[in-house]
1. Which percentage, to the nearest 5, of the DSSP beta bridges contained in the chain is antiparallel?
2. How would you rank 212, 37, going from fewest to most other Cβ atoms within 10 Å of each one's own Cβ?
3. Can you list which of the chymotrypsin sites (Phe, Trp or Tyr not before Pro) found in the stretch 156-260 are DSSP loop residues with at most 16 other C-beta atoms within 10 Å?
4. Report the per residue volume, in Å³, of the convex hull enclosing the C-alpha atoms of the stretch 34-114.
5. How large are Rg and Dmax for the chain when calculated on the C-alpha trace, in angstrom?
6. Kirkwood hydrodynamic radius for the stretch 13-60: how many Å is it when counted over pairs of different Cα atoms?
7. Once the stretch 198-252 is represented by equal point scatterers at the alpha-carbon sites, with solvent omitted, what log10 I(q)/I(0) does the Debye formula produce at q = 0.12, 0.13, 0.14, 0.29 Å⁻¹?
8. The chain: longest stretch without exposed GluC sites (Glu not before Pro) (DSSP loop, at most 11 other Cβ within 10 Å), sites themselves excluded?
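Each value in this text was obtained by applying a stated rule to the coordinates, not by laboratory testing. Treat the numbers as computed from the prediction; the structure is a model and nothing was measured. Ideal geometry is used to build each Cβ from the backbone, glycine not excepted, and the neighbour counts take in all protein chains shown.
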Amino acid sequence: MTVYNRGIILAGGLGTRLKPVTKIISKQLLPVFDMPMIYYSIATLLKLKIRKINLISDPINILKYKSLLGDGSNFNIKIQYTVQKKPGGIAQAITLSKKFIKNQNCVLILGDNIFIGGNFDEVIKKASKDIISSIFVKKVEKPNKYGVLKFAKDKVSKIIEKPKKFISKFAVTGLYFFSKDVSNLVKKIKPSKRGELEITDLNNEFLQQSKMKIRFLDEKVSWFDAGTYDNLFKASQKIYNLSGAQRRNLSDLKYLSKKI
């Protein structure tokens with residue numbers, strides 16, 4: 001039985017890497033092959049049997065999400081919406097969701113992260129039964145674009161955000177399982193130089209207190225940060241080559257909703 005019953009989807013941001021298209025629409029509403037990008041994040045939460053979802057976006061695009069998804073009843077779930085007036089960092093999703101979390105465990109996923117195949121479903125389902133927080137890590141070729149694991153004597157000592165020098169190839173993906181003390185720990189982090197609450201700082205708070213597990217995704221997992229044109233194309237191409245059954249398990253919300 002899962003110990004996580006609340007999901008948060010962060011679908012804000014300026015989408016600068018996908019301009020000029022994102023001048024008129026949120027990137028998470030763009031199609032990835034035959035489905036809106038946001039469907040893939042919702043599908044991940046449905047696989048975890050999460051029925052309550054808080055979707056966070058900017059004041060303009062949140063109306064488009066409401067038009068697309070409604071209250072979630074078509075998918076046997078409940079969706080509420082929270083406005084993020086301006087980008088304030090991924091960890092701000094926790095502060096904006098304080099009333100929604102209600103001192104419960106929660107899963108936070110970025111609306112532009114897509115996971116396909118390998119041991120992904122197995123790993124997240126295992127994590128959902130563990131009360132301790134979890135982050136999901138993938139070996140990548142260009143880790144300097146992400147939060148990266150730093151090791152000391154074969155143990156993770158810290159996460160470094162977009163390191164200028166090589167540290168390791170293990171990058172933290174945009175999926176986070178947080179125990180109920182996340183609302184207290186997020187209060188300990190301060191805005192970064194760019195004025196945002198960084199998710200790396202929050203994850204490091206958990207690591208320092210030995211309250212977080214590192215869960216590794218195998219090489220067969222395809223992970224896409226679909227916030228660039230290259231990755232948007234590659235993700236669409238990957239999904240195009242899947243079988244009908246595989247696609248259904250990846251983004252068919254009505255099919256997945258019958259299983260929760």
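1. On the way: 22 of 42 bridges.
Antiparallel bridges: around 50 percent, rounded to the nearest 5.
2. Ordered from fewest to most neighbouring Cβ atoms within 10 Å, 212, 37 come out as 212, 37.
3. Loop-located and lightly packed - 166.
4. Numbers: hull volume 8.3 nm³, N = 81.
About 103 Å³ per residue, rounded to a whole number.
5. 17.1, 51
6. Values: mean 1/r = 0.0830 Å⁻¹.
With all distinct Cα pairs of the stretch 13-60 included, I get 12.0 Å.
7. Debye output, listed in q order: -0.49, -0.56, -0.62, -1.12.
8. Counting only loop sites that pass the neighbour cut-off, the longest clear stretch is 1-140.
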